[in-house]
Structures are given as C-alpha cells and as structure tokens.
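Okay, structure first, notes after.
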Amino acid sequence: MPDTALAAPVPARRFTPEERDTIHDLIRSRRDVRDEFRSAPIPDDVLWRILDAAHHAPSVGFMQPWNFILVRDIERRRAVHRAFQIANAEAEAMFPEDTRSTYRALKLEGILKAPLNIVVTCDRDRCGPVVLGRTHNPEMDLYSSVCAVQNLWLAARAEGVGVGWVSIYNEPDLRAILALPDHVAIVAYLCVGFVDAFYAAPELALKGWRQRLPLDSLVMHETWNNGA
C-alpha cells in the first residue's frame with residue numbers, strides 16, 4: 001500500500017523570472033530539423049536524459065502508454081527511407097501543380113543523415129480495456145503519447161540535439177519494418193542527432209511555405225468564434 005503521507009500536496013515550487021524566461025526561450029527556439037544533423041553519436045547519458053524527460057510527460061490515468069524504439073541500424077533506416085520516398089511521391093501529387101516545385105525543394109526528413117531514429121509508440125492495451133480518464137474519450141492515450149514527444153523535443157533542444165518528425169509514410173509499410181503488434185500505434189517517427197545550427201525561425205516559414213498565424217486570431221471566449 002502507498003504511504004498516504006506522501007500522497008498529500010507539497011508547497012509549489014516558485015520559479016524565478018530567469019527560469020521562466022529560459023523555458024519560453026526553449027519553446028520558441030525548438031525547430032523541426034531535417035538536414036543539419038551531425039554524424040556524431042549521442043552519448044548514453046544525454047540520450048537517457050532526453051528519454052527520461054519524455055517518460056515524465058502527463059498521461060491519461062497515469063497509463064504511460066509510450067515505448068521508444070531506438071533505430072540505429074542503417075539497413076533498417078534505408079528501408080524506412082524507401083517507404084518515405086514512395087509516400088513522398090504520392091504526397092507531391094496531391095498538391096496543386098503550382099506548388100509542387102516548392103514542395104520538391106523542401107528537405108522533409110533526415111532518416112539517413114541523423115545517427116539515431118526514435119519511434120514513439122502507444123500501447124493501447126497497456127492498462128486493459130477500461131482506463132481512468134479514457135472511458136469516454138478513447139484517443140486520450142494517443143494524446144498522452146504526443147505529450148511525450150513534445151517533452152522529448154524540448155529536452156533534446158536543451159542538449160543541443162535536433163529532432164525532426166517524419167510523418168510522410170504509409171503506415172503498413174512502417175509497421176512491417178518495425179514488426180509492430182496490432183495493438184501498438186505509431187505516434188511519431190523522429191530523426192535525432194546533434195546539430196551546430198538551428199534556423200532562427202521555422203524552416204517552412206523562412207522558405208515561404210506558410211507563416212505563423214497571429215495568436216489573437218486563434219483565441220476565442222466561451223464558444224466557437226465568440227458565438228458569432
């Protein structure tokens with residue numbers, strides 16, 4: 001049985017303005033890295049700090065549904081890269097013709113260049129069929145796993161490690177390469193490695209694909225679009 005004395009809240013830590021500003025600076029300087037990876041391996045202590053940060057993400061019912069598959073083998077990564085190339089050609093054809101040349105010019109993955117790929121998964125059976133907090137919103141375990149991805153990404157940025165999220169693939173292809181059981185969902189395929197430079201702003205914004213929306217256009221009060 002747990003010690004009930006430990007279950008009581010303790011005084012909340014108050015962060016200094018400098019600590020607060022560091023967190024916000026970290027969030028704003030995080031980037032989706034595709035082509036800037038160095039080949040140097042990530043030391044085990046650095047990698048473990050990054051994974052430990054991911055493991056401390058919030059999760060529905062304290063389910064902790066994530067696993068982290070570390071993919072270093074070059075032949076396996078080549079197989080993933082081939083799956084990406086097939087899907088990427090399909091994706092390009094979905095865009096209007098006047099944007100396809102811009103699309104082709106974008107570097108959209110670092111599968112082979114990064115020394116490490118990490119697959120974040122969600123074990124949807126981890127706590128059985130009924131999970132506290134997931135009874136009426138069954139996708140909450142997936143959302144929890146996405147929180148782990150964000151923790152991983154921010155912790156990596158603090159270590160000088162870049163992360164790129166690959167989302168262009170046909171799921172059956174990737175599932176076969178990773179030998180995933182049916183009840184495990186793919187949440188994120190990440191390319192991970194040290195970098196010497198980060199873009200000053202999101203790469204897609206700098207290269208004219210899309211710009212950041214103004215925050216005040218996204219905030220509503222009480223109802224959708226303020227009830228208008």
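The values are calculated or read from the model by the stated rules, or taken from the named source; none is laboratory data. Nothing here was measured: the structure is a model prediction, and the numbers come from that model. Cβ atoms come from the backbone with ideal geometry, glycine included; neighbour counts cover every protein chain shown. All accessible areas refer to the heavy atoms of the entire protein, side chains included, with ligands and DNA or RNA removed. Shrake-Rupley method; radii C 1.70, N 1.55, O 1.52, S 1.80 Å.
Can you name the residue in region 15-31 that is in a helix (DSSP H, G or I) and β-branched (Val, Ile, Thr) and, of all such residues, is farthest from the chain's Cα centre (by Cα)? Filtering first and then ranking leaves THR22. Taking each residue of region 198-210 that is small (Gly, Ala, Ser) and looking for partners that are in a helix (DSSP H, G or I) with beta-carbon atoms closer than 8 Å, six or more apart or interchain, yields ALA200/LEU206; GLY208/THR102.
Is it fair to say GLU90 is more than 22 Å from the chain's Cα centre (by Cα), closer than 28 Å to LYS207 by Cα and modelled with pLDDT of 95 or more? Yes; evaluated as a whole, the condition is true for this residue.
Is there a residue being in a loop (DSSP other than H, G, I, E, B), open to solvent by 50 Å² or more (accessible area, probe 1.4 Å) and hydroxyl-bearing (Ser, Thr, Tyr) anywhere in region 95-103?
Going through region 95-103, the residues in a loop (DSSP other than H, G, I, E, B) turn out to be 95-96.
Checking the rest, the ones that are also open to solvent by 50 Å² or more (accessible area, probe 1.4 Å) come to 95-96.
With hydroxyl-bearing (Ser, Thr, Tyr) added as a condition, the list becomes none.
No.
Among all residue pairs at least 6 apart or on different chains, which show Cβ distances below 8 Å where the first residue, located in region 214-227, is of a type in the set (A, V, I, L, M) and the second is not in a loop (DSSP other than H, G, I, E, B)? Partner pairs satisfying both residue conditions: MET220/ASN226.
Within region 36-55, can one find any residue that is among the β-branched types (Val, Ile, Thr), part of a helix (DSSP H, G or I) and open to solvent by 50 Å² or more (accessible area, probe 1.4 Å)? No, because not a single residue in region 36-55 is among the β-branched types (Val, Ile, Thr), part of a helix (DSSP H, G or I) and open to solvent by 50 Å² or more (accessible area, probe 1.4 Å).
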